[in-house]
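Okay, structure first, notes after.
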């Protein structure tokens with residue numbers, strides 16, 4: 001741990017670089033669009049949850065840790081999920097069930113444009129469209145990593 005930051009430096013996982021860069025782009029855009037909101041990353045959330053479990057102020061997590069979370073100016077907590085690869089419907093449903101077990105007011109679920117309709121239908125079929133918004137996401141950078 002360095003300079004008063006309560007977590008170790010992140011490990012470089014090559015298979016996750018595209019997702020990590022896209023998530024930076026997404027959260028930067030959301031921060032500009034919501035200047036009065038506060039933003040936490042998945043690593044910050046996990047670290048806080050670990051400390052809460054260690055101090056016994058939180059029960060073990062049953063739900064899902066989002067890629068990021070925002071607390072809006074009105075106090076609503078928003079889970080931010082970014083899926084860049086299409087999944088099987090049952091995998092999307094498993095993710096959705098795990099969010100239902102968490103304590104978020106909203107879930108902004110970003111998926112590649114070609115899967116928006118499918119995921120939105122699955123969300124509606126699971127009667128979760130009152131708190132889950134399915135949104136299209138296309139990374140703004142060109143990946144040249146090999």
- Separation in nanometres of the label points that stand 7 Å from Cα toward Cβ, at residue 88 and residue 140: 3.6 nm
- Task: Mind pulling up the Rg/Rh value for segment 86-146? Radius of gyration and Kirkwood radius, both on Cα.
- Result: 1.04
- Query: Which value results when the Cα radius of gyration for segment 18-136 is divided by 2.2 N^0.38 Å?
  - Reply: 1.06
- Query: Applying 1/(1 + (r/R0)^6) with R0 = 30 Å to the Cβ-Cβ distance of residue 121 and residue 98, what FRET efficiency is obtained, to the nearest 0.05?
  - Reply: 0.95
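FYI, it's all coordinate maths here, none of it is from the lab. Everything numeric here is computed off the predicted structure, so don't read it as measured data. Glycine also receives a Cβ, built like all others from the backbone with ideal geometry; neighbour counts cover every protein chain displayed.
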